[in-house]
Amino acid sequence: MARITASVYTSHVPAIGAAMDLGKTREPYWQPLFAGYDFSRQWMKEHSPDVIFLVYNDHATAFSLDCIPTFAIGTAAEYLPADEGWGPRPVPKVQGHPELAAHIAHSVIQQDFDLTIINKMDVDHGLTVPLSLLCGEQDPVHGAWPCPVIPLAVNVLQYPVPSGQRCFKLGRAIGRAVESYDQDLKVQIWGTGGMSHQLQGARAGLINKEWDNRFLDRLIADPENLARMPHIDYVREAGSEGIELVMWLIARGAMSDCSRGAMSDCARGAMSDGSRGAMPKLVHRFYHVPASNTAVGHLILENP
Ligand code: DHB
Ligand code: FE
């Protein structure tokens, strides 16, 4: 059976991708940020998955205001890096995993979540910057990402956006979907975006370190209650784009302590019959300000 081996959480600031593409990672401004990912790149090499299920948001690149899917799963065989205004990033195209993606779509829709199926789309910094951060520089033509990727695009741009609760429950359904796939695959689930940032208006540049770190604490240890936080709290405390953090709850919900057993078991610790998974192990935590106008957060959790 397929299983979720780990979850990875990281911001996806486009300037990080530009710093890598332009060879600026050793500049004093960027060096401390990339140092926080040294461990993660080594860990990725040692824990190479067969597939990455990557939760991100499109930034009006693949989807315009003509059509706004709340949750869209990519079932394509490949995805090209998108032109975001300066041309596409010089990174390899992303290989998909149509078979597992189709299985997850089927299972999750049968668990009552209405996913949009995407058979063709380009992917922007929301997806390529996390890959670059965790996998390092890749030659755009002769290089390749370490494994296929299944994109899940979440609308956090155009209101109404999905609640943290909805995202957390969707993550649980994805966890079950992966575990019902009858091939031995090691799957990682990544949640991207955040932490606190606001890109426009009177509060542009807002950073709330205390709130961000409390979010990380609760995501690790108390995700079910964290998921109850209303969306207005993200916006008020973490800035308008801080709402991207709801995507981290999808990845967290798919970990075995949350995805197995009944919903209410999640807050209570392991069930007596052992059916619920044990708490994940925190293997890396990093927080850094600034990267462009934003705070950067990063976690790696392993399923036991
Ligand atoms: C920026 C854009 C993002 O999508 C994000 O998540 C963080 C920062 C930016 O334009 O700086
Ligand atoms: Fe973003």
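Worth pointing out:
- The alpha carbon gyration tensor of region 1-135 gives principal lengths a ≥ b ≥ c with a/c of 1.5 or higher and a/b no greater than b/c, which makes the shape oblate.
- For the chain, the longest site-free run once trypsin sites (Lys or Arg not before Pro) in DSSP loop states with at most 13 other Cβ atoms within 10 Å are removed: 27-119
- C67-Q200 pseudo-label distance in nm [points 7 Å out on the Cα-to-Cβ vector]: 2.3 nm
- CD proxy at 222 nm, helix term only [per DSSP H run n ≥ 4: -39500 (n - 2.57); per residue of the chain; nearest 500]: -9000 deg cm²/dmol
- Taking a straight Cα-Cα cut-off under 29 Å and skipping sequence neighbours fewer than 8 places away in the same chain, the lysines within cross-link reach of K186 are K45, K93, K120, K169, K281.
- Listed residue (V154, A60, W86) projecting farthest to the positive dipole end of region 59-166, Cβ model: V154
- Projecting the Cα positions of A238, A204, S180 onto the charge dipole of region 171-242 (unit charges on Cβ atoms of Lys, Arg, Asp and Glu, taken about the Cα centre) puts A204 furthest along the positive direction.
- Considering only alpha-carbon pairs that sit under 8 angstrom and 6 or more positions apart, the relative contact order computed for region 40-124 is 39 percent.
- Cα centroid separation - region 132-174 against region 194-248, whole Å: 18 Å
- At full extension, L22 and E210 could sit 64.5 nm farther apart than now, given 0.36 nm per residue minus the alpha carbon distance.
- At R0 = 22 Å, FRET efficiency that the Cβ-Cβ distance of D222 and D112 yields, to 0.05: 0.30
Every number in this text was worked out from the coordinates using simple rules, so none of it is lab data. Keep in mind that this is a model prediction, so the values were computed, not measured. Here Cβ is always computed from backbone atoms with ideal geometry, including for glycine, and neighbour counts include all displayed protein chains.
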